[in-house]
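Some notes on the structure that comes next.
The values are calculated or read from the model by the stated rules, or taken from the named source; none is laboratory data. Just so you know, these numbers come straight off a predicted model, no measurement behind them. Here Cβ is always computed from backbone atoms with ideal geometry, including for glycine, and neighbour counts include all displayed protein chains.
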Amino acid sequence: MTEALTEEDLAFLRSLFDLARTGDTARLAEAVDAGVPVNLTNGAGDSLLVLAAYHDHPDTVAALLERGADTGRVNDRGQTALGAAVFRRSRRSVELLLRAGADPALGPRSALDVARFFDLTEMLELLTARERG
């Protein structure tokens, strides 16, 4: 049988999402390296990777990807890390995520949908560059 998490444990885990939001790459990487699951998600289904991408922290995105973060996670609103990076117009994060295998068409609010809806031509070109070969 597993032990229930204490309030202190839960507070620590919640703090990791703040590290992803603020781009505190070193402390977040240290926690993951110490055993925190790299694909940890919050109550809204946001992974650390989604939050780092949404808050435009490409160094944090890179560190999480290096540690095996899943680019295919979709949050409760149907968004992916790639879609978040596209929305923020973060070219570096988009490129990192694409190189890591992120699918531009994944999710009900895919990165392609985001680029088209907000008329983000540069982002759409990045997302479709592989198709054109």
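Determine if segment 65-78 includes at least one residue that is of a type in the set (A, V, I, L, M), modelled with pLDDT of 95 or more, within 30 Å of L5 (Cα to Cα) and in a loop (DSSP other than H, G, I, E, B).
Step one: list which residues in segment 65-78 are of a type in the set (A, V, I, L, M), which gives 65, 69, 74.
The next check asks that each one be modelled with pLDDT of 95 or more; those that pass are 65, 69, 74.
So of that shortlist, the ones also within 30 Å of L5 (Cα to Cα) come out as 65, 69, 74.
Narrowing further to those that are in a loop (DSSP other than H, G, I, E, B): 69, 74.
There is at least one residue in segment 65-78 that is of a type in the set (A, V, I, L, M), modelled with pLDDT of 95 or more, within 30 Å of L5 (Cα to Cα) and in a loop (DSSP other than H, G, I, E, B).
So which residues in segment 105-125 are buried (at least 19 other Cβ atoms within 10 Å of the Cβ) and not in a loop (DSSP other than H, G, I, E, B)?
Of everything in segment 105-125, those that are buried (at least 19 other Cβ atoms within 10 Å of the Cβ) and not in a loop (DSSP other than H, G, I, E, B) turn out to be A111, L112, V114, A115, M123.
Looking only at segment 87-108, count how many residues are touching a residue at least 12 places away in the same chain (Cβ under 8 Å) and more than 27 Å from T25 (Cα to Cα).
Pass one, segment 87-108, residues touching a residue at least 12 places away in the same chain (Cβ under 8 Å): 87-98, 100-104, 106-108.
Filter once more, so that each one left must be more than 27 Å from T25 (Cα to Cα): 108.
Residues that pass the stated criteria total 1.
What residue, of A4, A62, A20, A52, is exposed (fewer than 15 other Cβ atoms within 10 Å of the Cβ) and either within 18 Å of R92 (Cα to Cα) or not acidic (D, E) (or both)?
On the way: A62 fails: exposed (fewer than 15 other Cβ atoms within 10 Å of the Cβ); A20 fails: exposed (fewer than 15 other Cβ atoms within 10 Å of the Cβ); A52 fails: exposed (fewer than 15 other Cβ atoms within 10 Å of the Cβ).
Testing whether each residue is exposed (fewer than 15 other Cβ atoms within 10 Å of the Cβ) and either within 18 Å of R92 (Cα to Cα) or not acidic (D, E) (or both) leaves just A4.
Could you say whether any residue in segment 65-86 is free of Cβ contacts under 8 Å to residues at least 24 places away in the same chain and closer than 26 Å to L10 by Cβ?
Within segment 65-86, none of the residues are free of Cβ contacts under 8 Å to residues at least 24 places away in the same chain and closer than 26 Å to L10 by Cβ.
Just to verify a result, which residue in segment 23-40, among those that are in a loop (DSSP other than H, G, I, E, B) and more than 10 Å from the chain's Cα centre (by Cα), is surrounded by the most Cβ atoms within 10 Å (Cβ to Cβ)? If you could, list the steps in order and put the result at the bottom.
So the first thing to find is which residues in segment 23-40 are in a loop (DSSP other than H, G, I, E, B), and the list is 23-24, 34-40.
Adding the requirement that they be more than 10 Å from the chain's Cα centre (by Cα) leaves 23-24, 34-38, 40.
On the way: G23: 17, D24: 18, A34: 7, G35: 6, V36: 16, P37: 15, V38: 20, L40: 17.
Checked segment 23-40; the qualifying residue surrounded by the most Cβ atoms within 10 Å (Cβ to Cβ) is V38.
Can you say whether L13 is at pLDDT below 95 and part of a helix (DSSP H, G or I), as far as the supplied structure shows? Give the derivation first.
On the way: at pLDDT below 95: yes; part of a helix (DSSP H, G or I): yes.
Yes, satisfied.
Residue by residue through segment 79-104, note down the ones that are exposed (fewer than 13 other Cβ atoms within 10 Å of the Cβ) and either within 25 Å of N42 (Cβ to Cβ) or more than 18 Å from the chain's Cα centre (by Cα) (or both). First the steps, then the outcome.
As a first pass, look at segment 79-104 and keep what is exposed (fewer than 13 other Cβ atoms within 10 Å of the Cβ): 99, 101.
The answer is G101, and nothing else.
Answer yes or no as to whether G43 is over 12 Å from the mean Cα position of the chain (by Cα), surrounded by fewer than 18 Cβ atoms within 10 Å (Cβ to Cβ), free of Cβ contacts under 8 Å to residues at least 24 places away in the same chain and under 24 Å from D18 (Cα atoms). Spell out how you get there, then give the answer.
On the way: over 12 Å from the mean Cα position of the chain (by Cα): yes; surrounded by fewer than 18 Cβ atoms within 10 Å (Cβ to Cβ): yes; free of Cβ contacts under 8 Å to residues at least 24 places away in the same chain: yes; under 24 Å from D18 (Cα atoms): yes.
Yes, satisfied.
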